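For reference, the structure discussed in these notes is given below.
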Amino acid sequence: MMRIFSLEEIKKSFFTCLWFGFLTFPIMVVRVNTIEDVVEWRWNNLIIVVFGSFFLSFLWRYMIERKEAGRKKAESGEAEKKPLVRRIMDNPRIYRPLLAAVAIFVLSFPFLFSSYQTNIMTTALIYVMLGLGLNIVIGLAGLLDLGYVAFYAAGAYTYALLNYHFGLGFWTVLPLGAVVGAIMGILLGFPVLRLRGDYLAIVTLGFGEIIRLVMENWNEFSFGPSGIANIPRPGFFGMDLSLTAATNYIYYIMIGMVLITIFFVNRLQNSRIGRAWIALREDEIACQAMGIDKTKTKLTAFSLGATWAGMAGVIFAAKTTFINPASFTFLESAIILCIVVLGGMGSIVGVILGALVLILLPEYLRAFSDYRMVLFGATLVLMMVFRPQGLVSDVRRVYQFKGATEKGE
Amino acid sequence: MEPILEVNKLSMDFGGLRALDAVDLDVKNGEIAALIGPNGAGKTTFFNCITGIYNPSGGDIYIAPPGKKNGNRPERINGIKPNHVTKKGMARTFQNIRLFGSMTVLENVMIGRHCRTRTGVAGAMLRLKSTVREEQDLVDFSYGILERMGLARFVNDLAKNLPYGAQRRLEIARALATEPFLLLLDEPAAGMNPQETRDLVDLIVRIRDDEKVSVMLIEHDMKLVMTLSDRIFVMDYGKKIAQGKPSEIKNDPVVIKAYLGEDVDA
Ligand SMILES: Nc1ncnc2c1ncn2[C@@H]1O[C@H](COP(=O)(O)OP(=O)(O)OP(=O)(O)O)[C@@H](O)[C@H]1O
Ligand SMILES: [Mg+2]
């Protein structure tokens with residue numbers, strides 16, 4: 001660890017900060033005051049930049065060094081220290097009470113906090129659901145889908161339009177939203193089956209935008225940019241609910257939906273289908289050579305992922321009571337993608353954490369809202385460098401066998 | 001002896017390059033056949049063509065799975081998808097190991113059983129009785145294979161963390177899990193030390209005798225090829241230049257020239 005303070009390293013940092021100071025000189029130091037026609041020299045900015053970059057370059061290399069050391073340790077066979085979350089989840093004495101506490105907190109949330117807070121929480125839960133859905137496509141099957149928001153929009157418009165034209169209620173449309181999502185998933189999945197990686201990403205991104213543009217321009221069908229208003233909230237046995245009660249009600253519906261999602265995604269993950277997805281992500285050729293139908297496997301991933309987005313869309317429409325195409329821009333897809341990447345691809349707990357962090361933090365750190373996108377970007381870059389596996393890495397299921405418990409020779 | 005795989009005049013072109021040129025080859029039930037030849041001869045391309053990864057530009061591939069009730073009429077499998085080839089009973093390994101690195105050893109073998117199991121999306125989500133039973137059978141079966149391949153102690157390790165030799169064996173285990181009648185091994189001994197190679201020879205013999213699976217292997221290790229194979233096919237520049245018993249191949253001037261000729265030119 002002391003290597004970091006060697007003369008060599010100091011020299012490196014020195015040149016870095018010199019170069020940085022030089023680069024930022026024109027914008028950070030020189031300012032032309034056009035009113036008084038003088039040039040201001042803000043030397044103290046230069047000092048901040050130089051010392052700042054000197055320090056940061058040290059920090060950067062220190063972190064890289066630590067990461068390398070960690071990797072070497074892992075390679076030389078030494079057991080990696082389990083991450084905190086994993087240690088908590090492996091120990092029933094800790095996680096049981098923790099789970100109970102979380103459950104109580106979650107259930108009593110609307111009574112402890114204002115409806116404003118409950119609303120934010122509901123939004124976060126919608127993103128949890130979206131994240132878990134996209135996690136099937138990206139995290140498990142490894143298909144980089146940047147147009148996921150299209151299915152979310154499909155669900156929302158399904159509810160809004162069916163309600164507008166035929167007066168169908170929330171509970172009738174919720175399963176329909178799932179079906180519409182699944183069908184859209186298959187329809188969009190077919191043409192992109194042959195594509196991989198970057199190409200798939202570009203084409204799905206295009207699809208997402210096409211759906212939004214159609215909604216924006218096809219006035220007769222979707223009422224264009226002005227959107228659809230007065231979408232009813234979920235009914236509760238025909239009773240009229242006050243605004244607060246309705247907010248709380250949607251919150252509880254969302255809790256239920258998230259639990260159902262977790263339940264099913266968890267089962268899928270450790271099933272024949274889930275394993276095929278992961279195999280597809282790991283190596284497409286080997287996957288086919290092992291008898292897996294690539295086309296079918298990709299399509300199930302696409303359509304199952306889209307199913308959750310469709311349902312989330314229905315709930316979103318019911319929650320906001322108003323939708324228009326502006327709610328379904330590429331930015332939404334990007335946020336959901338960030339949730340999956342930040343949380344940890346393929347890990348359910350990770351995605352939940354990722355959604356809560358990415359949706360709640362900006363809400364509560366309003367002071368930083370101007371820098372929101374910058375922080376988003378910086379966080380992702382740092383994650384990619386230092387923790388590509390996300391906050392919580394995916395852990396495979398362990399099977400127990402009689403007589404196989406003793407390991408090693 | 002009936003051939004279980006029969007290849008007639010198989011050709012494969014990559015643009016102007018003729019990687020396979022009218023190759024005839026057959027594998028009989030219960031035999032260990034070897035395909036040898038200098039680097040770039042077209043051996044891997046041959047495997048890729050008969051397993052459906054490439055669609056050959058010419059020729060015919062017939063398979064006749066042994067032990068079928070209604071006689072084994074050969075079936076032409078040109079151009080069908082790799083997963084269908086596997087389902088019909090030919091499984092392979094790869095020259096550069098292609099395991100599912102971040103899955104466990106057991107899961108890798110379980111993947112091999114994908115085409116022999118049937119749980120669908122609904123079954124997985126609802127966890128029906130049949131699903132639970134199938135899953136349990138699958139785990140037991142896969143563990144059984146790992147035990148026979150001597151990999152049982154790695155069962156819950158991630159495939160990428162396995163030592164090299166074990167990774168090669170895991171690829172064989174995974175292919176065996178598909179219950180093939182013919183196992184295609186692409187350079188199984190590459191990168192192994194002498195001890196591992198000796199274990200591999202035992203393993204391949206066991207696969208033929210105990211698992212009743214015929215084997216066709218590509219290999220550069222001549223000692224291994226000569227001790228193991230019943231018949232050897234030799235390729236050079238996409239053409240089959242010789243075939244026969246090890247003793248015949250060993251003294252075949254054409255083969256010697258193909259191998260040594262390169263050194264003389266170089
Ligand atoms: N996908 C491809 N596209 C173009 N050319 C290819 C392709 N695959 C193989 N070739 C060419 O075909 C020829 C045969 O390659 P192949 O990999 O079958 O050789 P090999 O006998 O397996 O050699 P080695 O012993 O080195 O594995 C080589 O000249 C190779 O460059
Ligand atoms: Mg080869």
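Throughout, read-outs are computed from the coordinates displayed, never taken from laboratory work. Keep in mind that this is a model prediction, so the values were computed, not measured. Every residue, glycine among them, receives a Cβ derived from its backbone with ideal geometry; neighbour counts consider all protein chains shown.
If you take each beta carbon of peptide A:299-306 and count the beta carbons of other chains within 10 angstrom, what is the mean?
Whole-number average of other-chain Cβ neighbours for A:299-306 is 1.
Quick one: grab the alpha carbon gyration tensor of segment A:286-364, order the square roots of its eigenvalues as a ≥ b ≥ c, and give me rounded if a/c is under 1.5, else prolate or oblate depending on whether a/b is larger than b/c.
The shape class here is oblate.
Apply the a/c threshold of 1.5 to the C-alpha gyration tensor of the protein assembly as shown and tell me whether it is rounded, prolate or oblate.
prolate
Can you sort A:ARG196, A:ARG366 from fewest to most other Cβ atoms within 10 Å of each residue's own Cβ?
A:ARG366, A:ARG196
Over segment A:113-386, calculate the relative contact order: mean separation of alpha carbon pairs under 8 Å at least 6 apart, over the residue count, as a percent.
Once divided by the residue count of segment A:113-386, the mean separation gives 39 percent.
Rank these for me by crowding, A:ILE136, A:ILE250, going from fewest to most other beta carbons within 10 Å.
So the residues, fewest neighbours to most, are A:ILE250, A:ILE136.
What's the angle, to the nearest 10 degrees (0 to 90), between helix B:164-176's Cα axis and the longest principal axis of chain B?
80
For each pair in B:LYS160/B:LYS223; B:LYS88/B:LYS245; B:LYS43/B:LYS239; A:LYS11/A:LYS67; B:LYS9/B:LYS43, compute the distance between the two Cα atoms and list the pairs where it is over 18 Å.
B:LYS160/B:LYS223; B:LYS88/B:LYS245; A:LYS11/A:LYS67
What percent does the relative contact order of segment A:3-75 come to when contacts are Cα pairs within less than 8 Å and at least six residues apart?
35
With a 10 Å cut-off between alpha carbons and a GNM built on chain B, which of B:ILE241, B:ILE172, B:ILE204 moves the most?
Evaluated over chain B, the most mobile residue of the options is B:ILE241.
Could you work out the Kirkwood radius for chain B, taking every pair of different alpha carbons, averaging 1/r and inverting it, reported in Å?
Evaluated on chain B, it is 19.4 Å.
Got the relative contact order for chain B handy, in percent, Cα pairs under 8 Å and 6 or more residues apart?
That works out to 26 percent.
Write down the percent of antiparallel bridges among all DSSP beta bridges whose residues are both part of the protein assembly as shown, to the nearest 5.
In the protein assembly as shown, DSSP labels about 65 percent of beta bridges as antiparallel.
By its C-alpha gyration tensor, with a ≥ b ≥ c as the square roots of the eigenvalues, how is segment A:3-75 shaped: rounded for a/c under 1.5, else prolate for a/b larger than b/c, else oblate?
It is prolate, given that a/c is not under 1.5 and a/b is the larger ratio.
If you bin the C-alpha pair distances of segment B:104-179 every 10 Å from 0, what whole percents do you get?
Going out from 0 Å in 10 Å bins, segment B:104-179 shows 21, 48, 25, 6 percent.
Springs between alpha-carbon pairs under 10 angstrom, Gaussian network model over chain A: which of A:LEU375, A:LEU361, A:LEU23 fluctuates most?
A:LEU23
Using a 10 Å cut-off around each Cβ of peptide B:171-182, what is the average number of partner chain Cβ atoms that fall inside?
Other-chain Cβ atoms within 10 Å of each residue's Cβ, averaged: 1.
If the cut-off is 14 Å between C-alpha atoms, which aspartates and glutamates fall inside it for B:LYS87, apart from same-chain ones fewer than 8 positions away?
Within reach: A:ASP293, B:GLU75, B:GLU179.
Highest mean first, how do A:339-347, B:252-260 rank when packing is the count of other Cβ atoms within 10 Å averaged over residues?
A:339-347, B:252-260
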